[in-house]
Amino acid sequence: MNTPPSKHDMMHMLTLRKNWWPTVRGTLAVAVALASAVAASPLAAQEVAQSRRHAIIIAGLPGDSDHQARYQRYIAAWHTWLEANGWNSEQIHIACGWDVPPKPTLTFAKRDNIMQLFRSLAERMSEQDELWIFFLGHADYDGSHARLHIPGPDLRDVEYAELLAGLPARRVVIWATTANSGWFLRHLSQPGRVVVTATSAEAEPNETEFPEVLTEVLMGPLAEADRNKDGQLSVLELFLRTATLVQQRYDADQRTATEHALLDDDGNGTGSEVDALMSYFASASPPSGSDNTVTVEQPDTKAIDGAVADGIMATLPSQTAPAVDDSEPTDR
Ligand SMILES: [Ca+2]
Ligand SMILES: [Ca+2]
């Protein structure tokens with residue numbers, strides 16, 4: 001399949017997905033806008049052809065109907081966004097901690113099923129592929145290991161690390177959005193792998209705002225997150241926007257923040273918070289008109305996160321470009 005999806009194809013896929021998930025309709029308007037942007041860009045088509053992007057969304061036990069509805073809404077939004085940004089629907093795998101109709105890309109999030117999902121992906125993926133993994137739900141830390149709560153026996157942080165080690169993917173981007181997710185980082189960290197966690201590796205067991213905010217960012221105007229204004233959103237930019245808005249939620253409600261998101265991409269097992277990552281942009285993008293001979297204070301020898309995450313594009317080109325006005329003539 002070297003041809004990009006046409007606008008008609010994208011609309012057809014969206015129509016099909018009306019039946020795919022009961023809560024997907026709320027995201028359709030945004031999806032249509034994104035699909036139009038994809039179909040309108042020849043560069044985007046080239047990217048789609050060159051890239052084989054896979055995704056796994058693991059949603060654990062919701063605990064109650066309210067959380068299940070919320071998780072379904074997030075998953076539908078993430079699925080919509082992934083499809084609009086170079087993932088084929090058959091390469092987006094979802095494991096849910098509640099009853100789901102069995103489908104090739106949808107499975108019950110039991111331990112054996114999740115392990116089988118990784119094994120089957122390992123057989124199909126190549127070293128040129130890219131994999132994004134989202135963890136959603138409740139998680140705990142028992143003093144030694146963190147676990148995402150799934151039906152039946154859980155999988156521990158070290159077991160997810162083993163499953164990941166079996167994949168040949170060139171790039172792996174992990175979004176661990178749960179409480180206690182910071183504890184996963186040291187085990188999942190690898191050079192060249194981006195690990196995002198909603199919390200720090202400290203006692204942060206409260207439910208997180210992160211997945212809700214991430215959903216808002218993905219469904220919202222991406223230009224606001226495009227810090228270097230290159231028309232694309234890098235993984236780093238996506239993280240910075242999301243983590244900043246999470247902080248602002250706590251500030252606005254005058255709550256003490258109970259989650260401090262981290263990003264690690266240098267494989268040293270230690271994540272960086274937003275403030276530290278801002279220094280990446282400060283050093284990578286000197287203000288225009290500045291004197292190049294000015295000596296910028298260099299970071300110390302401590303490893304710095306951000307460079308790898310800023311090199312992985314989350315969106316296709318032109319996603320953040322201004323909307324085209326259809327009333328203007330396009331040819332002459
Ligand atoms: Ca950008
Ligand atoms: Ca690090």
Only residues in the range 264-285 that are farther than 9 Å from Ile304 by Cα and within 6 Å of ligand 2 (Cβ to nearest atom) count as the first member; pair them with residues that are modelled with pLDDT under 85 and not polar (S, T, N, Q), Cβ under 6 angstrom, at least 6 apart or cross-chain, and list the lot.
-> Asn268/Ala303
Just name the residue that is surrounded by the fewest Cβ atoms within 10 Å (Cβ to Cβ) out of those in the range 70-119 that are assigned to a strand (DSSP E or B) and without any contact (Cβ under 8 Å) to a residue 24 or more places away in the chain.
-> Lys103
Inspect the range 186-199 for any residue being in contact with an Asp or Glu (Cβ under 9 Å, 6 or more places away or on another chain) and either more than 15 Å from ligand 2 (Cβ to nearest atom) or over 30 Å from Ser144 (Cβ atoms) (or both) and give the result as yes or no.
-> yes
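Go through the range 236-258 and give me each residue that's part of a loop (DSSP other than H, G, I, E, B) and either within 16 Å of ligand 2 (Cβ to nearest atom) or free of Cβ contacts under 8 Å to residues at least 40 places away in the same chain (or both).
Narrowing the range 236-258 to residues part of a loop (DSSP other than H, G, I, E, B): 253-258.
Residues satisfying the conditions are Asp253, Gln254, Arg255, Thr256, Ala257.
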Which one of Ala146, Ala169 is within 18 Å of the chain's Cα centre (by Cα) and either surrounded by fewer than 21 Cβ atoms within 10 Å (Cβ to Cβ) or not acidic (Asp, Glu) (or both)?
-> Ala169
For Glu127, which of the numbered conditions (1) outside any helix (DSSP H, G or I); (2) closer than 27 Å to Glu273 by Cβ fails to hold?
-> (2)
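Among the residues of the range 259-285, which ones are surrounded by fewer than 18 Cβ atoms within 10 Å (Cβ to Cβ), polar (S, T, N, Q) and outside any loop (DSSP other than H, G, I, E, B)? First the steps, then the outcome.
If we filter the range 259-285 for residues that are surrounded by fewer than 18 Cβ atoms within 10 Å (Cβ to Cβ), which is where we start, we get 267-270, 273, 275-276, 278-279, 281-285.
Filter again for polar (S, T, N, Q), leaving 268, 270, 279, 283, 285.
Those that are surrounded by fewer than 18 Cβ atoms within 10 Å (Cβ to Cβ), polar (S, T, N, Q) and outside any loop (DSSP other than H, G, I, E, B): Ser279, Ser283.
Can you confirm whether Ala261 is within 16 Å of ligand 1 (Cβ to nearest atom) and either without any contact (Cβ under 8 Å) to a residue 24 or more places away in the chain or not charged (D, E, K, R) (or both)? Show your work before the answer.
Numbers: within 16 Å of ligand 1 (Cβ to nearest atom): no; either without any contact (Cβ under 8 Å) to a residue 24 or more places away in the chain or not charged (D, E, K, R) (or both): yes.
So Ala261 fails the test.
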In the range 187-208, which residue that is crowded, with 18+ Cβ neighbours inside 10 Å and either among the hydrophobic types (A, V, I, L, M, F, W, C) or within 16 Å of ligand 1 (Cβ to nearest atom) (or both) is farthest from Arg156 (Cα to Cα)?
-> Val194
Say whether the condition of being at pLDDT 95 or above, in contact with a Ser or Thr (Cβ under 9 Å, 6 or more places away or on another chain) and of a type in the set (Lys, Arg) is met by at least one residue in the range 179-194.
-> yes
Kindly indicate whether Arg241 is modelled with pLDDT of 80 or more and within 16 Å of ligand 1 (Cβ to nearest atom).
-> yes
Evaluate the following for Gln128: is it surrounded by fewer than 19 Cβ atoms within 10 Å (Cβ to Cβ) and under 16 Å from Val173 (Cβ atoms)?
-> yes
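Would you tally the residues in the range 209-230 being within 14 Å of ligand 1 (Cβ to nearest atom) and crowded, with 18+ Cβ neighbours inside 10 Å? If you could, list the steps in order and put the result at the bottom.
Filtering the range 209-230 for residues within 14 Å of ligand 1 (Cβ to nearest atom) gives 217, 221-230.
Remaining after also requiring crowded, with 18+ Cβ neighbours inside 10 Å: 217, 222, 225-226.
Number satisfying all stated conditions: 4.
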Going by the structure shown, is His67 buried (at least 22 other Cβ atoms within 10 Å of the Cβ) and more than 23 Å from Gly166 (Cα to Cα)?
-> no
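The values are calculated or read from the model by the stated rules, or taken from the named source; none is laboratory data. For clarity, every value in this text was computed on a predicted model and none was experimentally measured. Cβ coordinates were reconstructed from backbone atoms using ideal geometry, including for glycine residues, and neighbour counts include every protein chain displayed.
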